[in-house]
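Q: Handing you a structure now.
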Number of protein chains: 2
Amino acid sequence: LSPAPSLLHPQIAKEVSKLLEMKAQLGADEGKHKFVLKTPKGTRDFGPKEMAVRERAFKAIISCFKRHGAEVIDTPVFELKETLTGKYGEDSKLIYDLKDQGGELLSLRYDLTVPFARYLAMNKITNIKRYHIAKVYRRDNPAMTRGRYREFYQCDFDIAGQFDPMIPDAECLKIVHEILSDLQLGDFVIKVNDRRILDGMFAVCGVPDSKFRTICSSVDKLDKVPWEEVRSEMVGEKGLSPEAADHIGEYVQLHGGLDLIEQLLQDPKLSQNKLAKEGLGDMKLLFEYLTLFGITGKISFDLSLARGLDYYTGVIFEAVLLQQEKEHVEEPVSIGSVAGGGRYDGLVGMFDPKGRKVPCVGVSIGIERIFSILEQRLEASEEKIRTTETQVLVASAQKKLLEERLKLISELWDAGIKAEMLYKKNPKLLNQLQYCEDTGIPLVAIVGEQELKDGVVKLRIVATREEVNVRRESLVEEIRIRTSQC
Amino acid sequence: LSPAPSLLHPQIAKEVSKLLEMKAQLGADEGKHKFVLKTPKGTRDFGPKEMAVRERAFKAIISCFKRHGAEVIDTPVFELKETLTGKYGEDSKLIYDLKDQGGELLSLRYDLTVPFARYLAMNKITNIKRYHIAKVYRRDNPAMTRGRYREFYQCDFDIAGQFDPMIPDAECLKIVHEILSDLQLGDFVIKVNDRRILDGMFAVCGVPDSKFRTICSSVDKLDKVPWEEVRSEMVGEKGLSPEAADHIGEYVQLHGGLDLIEQLLQDPKLSQNKLAKEGLGDMKLLFEYLTLFGITGKISFDLSLARGLDYYTGVIFEAVLLQQEKEHVEEPVSIGSVAGGGRYDGLVGMFDPKGRKVPCVGVSIGIERIFSILEQRLEASEEKIRTTETQVLVASAQKKLLEERLKLISELWDAGIKAEMLYKKNPKLLNQLQYCEDTGIPLVAIVGEQELKDGVVKLRIVATREEVNVRRESLVEEIRIRTSQC
């Protein structure tokens with residue numbers, strides 16, 4: 001037997017306890033296999049409190065999606081590997097593959113957009129407005145405190161179909177605006193750009209066609225690193241001419257509203273480029289619609305916004321939360337993207353045997369970062385969040401009343417009342433009341449010998465400690481009335 | 001160019017079109033890669049209609065779980081491979097592994113019970129009542145028409161903690177009873193047995209200890225194959241003595257209620273076995289509690305119920321739907337299990353470094369088979385199921401009113417009204433009304449030149465074709481009143 005560490009000299013005690021811990025970790029004393037008790041890297045459990053926060057956020061998002069008339073679909077968590085191939089550019093290396101156990105080669109979905117396009121092509125659907133809330137998987141470097149996980153939720157809303165320009169696109173931005181306002185996450189800005197404007201800009205700056213995608217992914221880093229670093233990547237690693245890079249540098253520092261669009265439509269070079277002109281024309285239309293929606297105050301046309309995914313073809317956007325201004329910081333600092341999306345008119349066609357296109361535009365809410373913010377806020381506040389909806393605890397003050405409690409709780413359940421009881425034959429009244437305090441149950445229905453004789457139940461209101469005798473046949477109604485605000 | 005098949009002799013035309021189809025499948029004409037457009041084997045998409053059915057079923061189940069005071073948790077879709085190892089007996093071969101891409105070895109969860117036990121041990125929780133609804137994965141032979149998939153939902157409710165005997169167990173059976181009654185799936189029976197009674201029975205029948213588990217999994221087949229076949233597996237494949245097998249055969253044909261329990265408590269052999277006696281004593285207590293709940297009519301103590309999973313230690317149960325009686329069939333036939341569960345007092349201890357046990361009992365609702373039944377029923381009925389909740393379509397009767405529609409719909413969204421519009425600059429009124437008919441939108445808010453001048457909106461009730469002019473400032477309230485039943 002080892003001596004209790006507390007009886008030894010502190011330093012020795014420390015060493016002994018270290019050694020004992022190592023021994024325990026090695027599992028030497030029992031010869032038992034020791035499990036590593038953890039969730040996989042980059043994943044987490046949601047306990048009841050986290051679920052309560054999660055359900056609040058989902059409720060706000062789903063009610064917005066439904067307000068805009070969306071249907072809902074769901075797809076499998078894995079897809080044929082080839083379904084995902086060639087859709088994500090440089091990010092493909094982050095896809096989780098399943099082990100080849102015989103049969104089809106499968107991968108976990110990387111987003112909800114590619115499965116949606118596969119679903120449309122497979123079912124020959126050319127017209128749908130749907131949302132989809134589900135987990136997606138990326139073998140990325142997790143940064144869990146900032147809400148970056150390997151398993152995380154996406155909340156997607158997409159409009160598929162051939163429509164008049166920019167009407168669905170404007171609705172997607174309206175949705176982002178509604179959700180971020182509703183969740184009260186603080187100030188935000190929605191950056192907007194267009195792949196055609198980017199491509200046109202690259203062309204007039206002298207970027208060779210073959211380098212469009214890779215230069216685009218350099219531009220995409222501008223929200224994290226300064227221009228000088230991006231420029232040296234373009235010139236050094238990617239072999240772009242310094243002149244072209246500098247030319248790009250002038251454009252990507254521009255951001256504004258309708259005035260900037262008008263200015264660029266007059267730009268001697270950009271206005272000569274067909275793609276850029278189309279993109280700018282549509283951007284102008286988009287801003288007109290956003291003005292009618294009354295949300296241009298939070299929208300910024302930003303030429304540095306690129307977004308990495310290969311499949312975008314038109315408008316792209318990204319919403320970022322702005323740090324609350326502290327001590328007169330000049331400009332609010334971005335603390336990260338919480339929503340993004342854009343138009344992808346070619347993706348469905350990649351799945352159609354005849355290449356038939358279905359134009360699509362959609363938005364994805366990055367809910368994990370939102371969870372993090374809501375969780376931090378809840379912790380900072382004194383609010384005690386309930387994790388059950390129980391209306392009444394069925395209790396007894398005396399012994400030998402288990403049968404009576406079982407009979408009463410069964411009546412309550414059958415009447416639709418949310419009820420609990422302690423799983424003890426003879427629980428103490430104090431423990432039963434304490435359970436209500438701990439879990440926020442507002443009412444206690446107490447059965448006792450006398451009450452049974454009188455045909456009543458004693459109803460105790462936990463908050464006020466008030467007690468009233470209620471006739472048994474009126475109990476359900478009384479509980480309903482007293483908890484109607486729940 | 002190939003000649004159009006219709007111009008050729010029918011037989012030749014048929015052959016030509018076959019060849020063209022083969023050519024298309026080979027992707028010869030375009031050099032493009034042809035995708036196989038499907039979901040992985042044993043999985044399916046849920047379209048909007050299937051989702052509507054799914055959400056109805058979930059609603060009934062979740063409201064029952066909440067009525068019984070459950071919290072909710074969620075865990076990752078994959079676990080460390082070693083977390084799942086040694087928990088599922090012969091079924092372990094059905095686990096999906098992820099590819100080793102560097103880092104941890106992972107597997108998709110096979111059920112929600114093992115992740116729950118891992119969660120309890122990891123967080124040192126000794127007391128919780130929770131539900132968990134999520135997809136699980138089994139590389140089984142799919143039989144999709146009968147609702148057997150490789151990716152499928154489980155709806156689990158479990159009670160963990162050290163409590164007085166059979167109170168939580170009885171509640172689990174009450175929950176199954178409530179859910180199956182609520183969903184109106186037709187007649188059902190909940191079979192109940194106990195692992196200790198099975199093990200005691202094996203012992204008194206002369207089954208060697210080492211053969212308990214494998215003989216148990218033979219007994220488990222009795223709901224699908226006749227006793228003679230099970231007997232020959234026991235004797236032929238598993239090397240059990242014919243006498244022992246025959247002895248088991250006598251027991252496993254017994255089923256009944258309290259009377260059978262009393263009879264077996266007097267059985268000269270069983271009553272001498274400590275395990276069996278314990279099990280029968282608890283079964284008696286369970287039936288007393290179920291009598292207080294008023295549900296013994298649907299409960300059958302059935303000695304042939306075994307359940308395959310390794311982790312059960314006490315009460316086990318399984319609910320099966322009974323075929324509706326047709327033309328005086330003598331006894332209703334089982335058409336499949338829709339819920340199951342039991343007590344597993346050792347599982348959490350397998351994860352605890354010190355082997356500390358947390359007794360658990362739980363139930364899992366097999367929702368996929370329930371979806372199948374509800375879907376078939378919906379198809380058979382004439383009921384038209386709505387897949388959106390849109391209250392009003394914002395429409396116009398004349399051209400050039402896109403801006404006015406956008407302004408009005410934005411007002412409605414901001415007031416919380418569920419509203420849609422067609423994404424056309426100048427849609428025809430007929431198309432707009434047709435869209436309402438197709439999707440079940442009950443109201444149309446029509447803007448026109450005259451209405452704009454008068455400060456009103458024409459509100460059309462789709463069902464009655466009635467039209468009323470509503471002052472613009474009263475529109476939101478009017479829509480709310482007219483759709484309050486939605």
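The values are calculated or read from the model by the stated rules, or taken from the named source; none is laboratory data. What you see is a predicted model, and the numbers here were worked out from it, not measured in a lab. Glycine gets a Cβ as well: all are built from the backbone with ideal geometry, and neighbour counts include every protein chain shown. The protein model used for the area step is the full one, side chains on, heavy atoms only, and it has no ligands, DNA or RNA in it. Shrake-Rupley method; radii C 1.70, N 1.55, O 1.52, S 1.80 Å.
Q: Please list, in order along the stretch A:432-441, the HN-Hα scalar couplings obtained from phi with the Karplus expression 6.51 cos²θ - 1.76 cosθ + 1.60 (θ = phi - 60°), rounded to whole Hz, x for Gly and Pro.
A: 5, 5, 4, 4, 5, 4, 5, 10, x, 5
Q: What average number of partner chain Cβ atoms lie no more than 10 Å from the Cβ of the residues making up A:39-52?
A: 6
Q: Name the trypsin sites (Lys or Arg not before Pro) in the stretch B:217-279 that are in a loop by DSSP and that have at most 10 other C-beta atoms within 10 Å, would you?
A: Details: sites: B:Lys221, B:Lys224, B:Arg231, B:Lys238, B:Lys269, B:Lys274, B:Lys277; in loops: B:Lys224, B:Lys238, B:Lys269.
The qualifying sites are B:Lys224.
Q: I'd like the orientation of helix B:113-122 relative to chain B: the angle between its Cα long axis and the longest Cα principal axis, in ° from 0 to 90, rounded to 10.
A: 80
Q: Also, quick follow-up: May I ask which residue of chain A has the beta-carbon nearest to the axis carrying chain A onto chain B, and at what distance in whole Å?
A: A:Lys99, 2
Q: Please list, ordered by chain and number, the residues whose modelled amide H lies under 5 Å from the amide H of B:Gly336; skip anything fewer than 5 residues away on the same chain.
A: B:Leu321
Q: If you don't mind, there's one more thing I want to ask. Put a label point 7 Å from Cα along the Cβ direction on B:Val225, then list its distances to the equivalent points in the other copies in nm, shortest first.
A: Reported distances to equivalent positions: 6.4 nm.
Q: In whole angstrom, and with the biggest value first, how far do the Cα coordinates of chain A range along each principal axis?
A: Here the Cα extents, ordered largest to smallest, are 94, 65, 61 Å.
Q: I would also like to ask the following. Using +1 at the Cβ of each Lys and Arg and -1 at the Cβ of each Asp and Glu in the protein assembly as shown, identify which of A:Gly294, B:Ser217, A:Val394 lies farthest towards the dipole's positive end.
A: In the protein assembly as shown, that residue is B:Ser217.
Q: Which residue, chosen from B:Met283, B:Val468, B:Ser241, occupies the Cα position most advanced towards the positive end of the dipole of chain B, where the dipole is computed from +1 (Lys, Arg) and -1 (Asp, Glu) charges on Cβ about the Cα centre?
A: B:Val468
Q: Using a 1.4 angstrom probe with every protein chain in place, what is the largest-first accessible-area order of B:Thr85, A:Thr313? Display every interim value, and only then the final one.
A: Details: B:Thr85 85, A:Thr313 55 Å².
Descending order: B:Thr85, A:Thr313.
Q: Express the accessible area of the protein assembly as shown per residue in Å², computed with a 1.4 Å probe while the remaining protein chains stay in the model.
A: Accessible surface, normalised per residue, equals 46 Å².
Q: Given the convex hull over the Cα atoms of the protein assembly as shown, what projected area results after averaging over all orientations, in nm²? Write out the running numbers ahead of the final one.
A: On the way: hull surface 218.5 nm².
Convex hull of Cα atoms, orientation-averaged projection: 54.6 nm².
Q: Something else now. Could you work out the percent of alpha carbon pairs in the stretch B:299-437 separated by over 17 Å, rounded to a whole number?
A: Working: 7319 of 9591 pairs.
Counting pairs separated by more than 17 Å, the tail of P(r) holds 76 percent.
Q: Please compute the Cα-Cα pair-distance distribution of the stretch B:331-412 with 5 Å bins starting at 0, giving whole percents from short to long.
A: 3, 10, 9, 9, 8, 8, 7, 8, 9, 7, 6, 7, 5, 3, 1, 0
Q: Given label points at 7 Å from Cα along Cα→Cβ, what nm distances, shortest first, separate A:Gln376 from the same residue in every other copy?
A: Spelled out, the distances from A:Gln376's label point are 5.3 nm.
Q: OK, next. Using the Cα atoms as the points, what is the convex hull volume per residue of the stretch B:54-163 in Å³?
A: Numbers: hull volume 14.8 nm³, N = 110.
Spelled out: Cα convex hull of the stretch B:54-163, divided by residues, is 135 Å³.
Q: What angle do you read, to the nearest 10 degrees and between 0 and 90, between the alpha-carbon axis of helix B:48-67 and the longest principal axis of chain B?
A: 50
Q: Going by accessible area, probe 1.4 Å, with all protein chains left in place, what is the ranking of A:Lys384, A:Lys458, largest first?
A: On the way: A:Lys384 155, A:Lys458 60 Å².
Solvent-accessible surface, decreasing: A:Lys384, A:Lys458.
Q: Can you run phi through the Karplus equation (6.51, -1.76, 1.60; θ = phi - 60°) for the stretch B:158-166 and list ³J(HN,Hα) in whole Hz, with x for Gly and Pro?
A: Computed from phi, the couplings for the stretch B:158-166 are 9, 10, 10, x, 8, 10, 5, x, 6 Hz.
Q: Quick check: convex hull over the Cα atoms of the stretch A:392-484, volume per residue in Å³, rounded to an integer?
A: Details: hull volume 8.1 nm³, N = 93.
Per-residue hull volume (Cα only) is 88 Å³.
Q: Then there's this: Only four residue types carry charge here, +1 at the Cβ of Lys and Arg and -1 at the Cβ of Asp and Glu. Report the dipole size of the stretch A:358-461 about the Cα centre in Debye, rounded to the nearest 20.
A: I would put it at about 360 debye.
Q: Next up: Stick to the Cα atoms of the stretch A:138-177, pair each with every other, and give me the Kirkwood hydrodynamic radius in Å at one decimal.
A: Working: mean 1/r = 0.0775 Å⁻¹.
In the stretch A:138-177 this quantity evaluates to 12.9 Å.
Q: Provide the solvent-accessible area of B:Tyr149, counting protein heavy atoms only and rolling a 1.4 Å probe, rounded to the nearest 10 Å².
A: About 20 Å², rounded to the nearest 10.
Q: I'd like the residues of the stretch A:276-295 whose 1.4 Å-probe accessible area shrinks by no less than 50 Å² going from the isolated chain to the full set of protein chains.
A: The answer is A:Tyr289, A:Leu292, A:Phe293 - residues whose exposure falls by at least 50 Å² when every protein chain is included.
Q: Taking every pair of alpha-carbon atoms in the stretch A:204-341, give the share separated by more than 26 Å as a whole percent. Walk me through the numbers before you get to the answer.
A: Details: 2646 of 9453 pairs.
That tail contains 28 percent of the Cα-Cα pairs.
Q: Report, by chain and number, residues whose modeled amide H sits under 5 Å from the one on A:Glu71, excluding near sequence neighbours (fewer than 5 apart, same chain).
A: Amide H to amide H, under 5 Å and 5 or more residues apart or across chains, A:Glu71 pairs with A:Lys129, A:Arg130, A:Tyr131.
Q: Follow-up question, since we're still on this one. Accessible area, 1.4 Å probe, largest first: how do A:Asp194, A:Asp91, B:Asp223 sort?
A: On the way: A:Asp194 0, A:Asp91 50, B:Asp223 85 Å².
Heavy-atom accessible area, descending, gives B:Asp223, A:Asp91, A:Asp194.
Q: Return the subset of A:Lys93/B:Lys38; B:Lys399/B:Lys458; B:Lys399/B:Lys453; A:Lys174/B:Lys407; B:Lys135/B:Lys191; A:Lys38/B:Lys87 for which the Cα-Cα distance in this structure is over 20 Å, preserving the input order. Please report the intermediate quantities before stating the final value.
A: Numbers: A:Lys93/B:Lys38 23 Å; B:Lys399/B:Lys458 16 Å; B:Lys399/B:Lys453 16 Å; A:Lys174/B:Lys407 12 Å; B:Lys135/B:Lys191 25 Å; A:Lys38/B:Lys87 17 Å.
Distance filter (> 20 Å) returns A:Lys93/B:Lys38; B:Lys135/B:Lys191.
Q: Put a label point 7 Å from Cα along the Cβ direction on A:Pro242, then list its distances to the equivalent points in the other copies in nm, shortest first.
A: Computed spacing set for this position: 9.8 nm.
Q: Here's something else I'd like to know. As an exercise, take the mean of 1/r over every pair of distinct alpha carbons in the stretch A:117-262, invert it, and state the Kirkwood radius in angstroms.
A: On the way: mean 1/r = 0.0534 Å⁻¹.
Computed over Cα pairs of the stretch A:117-262, the Kirkwood hydrodynamic radius comes out at 18.7 Å.
Q: Rounded to the nearest 100 Å², what's the accessible area chains B and A bury against each other, both chains counted, probe 1.4 Å?
A: Values: alone 26500 and 26500 Å², together 44350 Å².
The contact between A and B buries close to 8600 Å².
Q: Here's another thing I want to ask about it. Using Cα atoms only, what is the angle between the long axis of helix A:402-414 and the major principal axis of chain A, expressed in degrees (0 to 90) to the nearest 10?
A: Roughly 40 degrees between the two axes.
Q: Determine the distance separating the Cα centre of the stretch B:104-167 from the Cα centre of the stretch A:357-415; give it in Å without decimals.
A: About 19 Å separates the Cα centre of the stretch B:104-167 from the one of the stretch A:357-415.
Q: Give me the percent of accessible area attributable to carbon and sulfur for the protein assembly as shown, probe 1.4 angstrom. Please report the intermediate quantities before stating the final value.
A: On the way: 22740 of 44350 Å².
For the protein assembly as shown, the apolar C and S fraction of the accessible surface comes to 51 percent.
Q: Here is a further query. Output ³J(HN,Hα) for the stretch B:266-272: one whole-Hz value per residue in order, computed from phi by the Karplus curve 6.51 cos²θ - 1.76 cosθ + 1.60 with θ = phi - 60°, and x for Gly and Pro.
A: Running phi through 6.51 cos²θ - 1.76 cosθ + 1.60 with θ = phi - 60° gives 9, 4, x, 7, 4, 5, 7 Hz.
Q: What fraction of the DSSP beta bridges in the stretch B:392-484 is antiparallel, stated in percent and rounded to the nearest 5? Provide the component values of the computation, followed by the final result.
A: On the way: 9 of 16 bridges.
The antiparallel fraction comes to roughly 55 percent.
Q: Using amide H atoms built in the peptide plane, which far-off residues or other-chain residues are under 5 Å from B:Ile299 H to H?
A: Residues meeting the criterion, in which the H sits 1.01 Å from N, are B:Ile190.
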